[in-house]
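Chemist: After the structure tokens below, expect a handful of questions from me.
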Amino acid sequence: MKLAIGSDHGGIHLKEALKQHLAERGIEVNDVGTYTEESCDYPDIALKVCREITAGNVERGVLVCGTGIGMSIVANKVDGIRAALCGDVFSATMSREHNNANVICLGERVLGQGLATCILDAWLDTAFAGGRHARRVDKIMAIEK
Ligand code: RB5
């Protein structure tokens, strides 16, 4: 699986830690920034990650900001994106199994690195269940049309 990852200044330390973890797992990652602690605007980064997905360059995306909230608000405005803001492993698993989330949003100021890593692993390792959930996801996507 190929991923895009991005953060603003509020999420850069967690992004770097997650990147290292993904590299250890052998997962290819396209880091769209930010690359310094200088203040930047999370909508710009969220859009870059989402466009990597909608262009077909990567399968899924990881977005980190201070809370994860701003990133999730932006990502869910992009056609074809289903972003899940996750603060626990159960929600991350369900966001894949039931909602087929293609973006996960995490908050550096909310989560420790250990928990964030477990959440990300659960999200990466869970498949969409399909069936009745596919009908529901189709209804979500129909709203965008
Ligand atoms: C930046 O200070 C902060 O607002 C941002 O990282 C994020 O938490 C927004 O939702």
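Chemist: Looking at the stretch 63-145, what helices (runs of 4 or more DSSP H) fall wholly within it and have at least 2 residues that are touching a helix residue (DSSP H, G or I) at 6+ places or on another chain (Cβ under 8 Å)?
Modeler: 69-75, 89-97, 113-124
Chemist: Also, I was wondering about something else. Do we have any residue at all in the stretch 99-120 that's more than 16 Å from the ligand (Cβ to nearest atom), of a type in the set (G, A, S) and crowded, with 23+ Cβ neighbours inside 10 Å?
Modeler: Taking every residue of the stretch 99-120 in turn, at least one turns out to be more than 16 Å from the ligand (Cβ to nearest atom), of a type in the set (G, A, S) and crowded, with 23+ Cβ neighbours inside 10 Å.
Chemist: Still on this model: For the stretch 27-40, state whether one or more residues are within 21 Å of A127 (Cα to Cα), free of Cβ contacts under 8 Å to residues at least 12 places away in the same chain and either away from the ligand (no atom under 16 Å from the Cβ) or in contact with a helix residue (DSSP H, G or I) (Cβ under 8 Å, 6 or more places away or on another chain) (or both).
Modeler: no
Chemist: For the stretch 61-75, how many residues are closer than 20 Å to V29 by Cβ and within 6 Å of the ligand (Cβ to nearest atom)?
Modeler: Counting residues in the stretch 61-75 that are closer than 20 Å to V29 by Cβ and within 6 Å of the ligand (Cβ to nearest atom) gives 1.
Chemist: How about the stretch 14-39: which of its residues are under 16 Å from G114 (Cβ atoms) and either assigned to a loop (DSSP other than H, G, I, E, B) or modelled with pLDDT under 95 (or both)?
Modeler: R25
The values are calculated or read from the model by the stated rules, or taken from the named source; none is laboratory data. Computed from a predicted structure; not experimentally measured. Cβ sites come from the backbone with ideal geometry, for glycine too, and all protein chains shown count toward neighbours.
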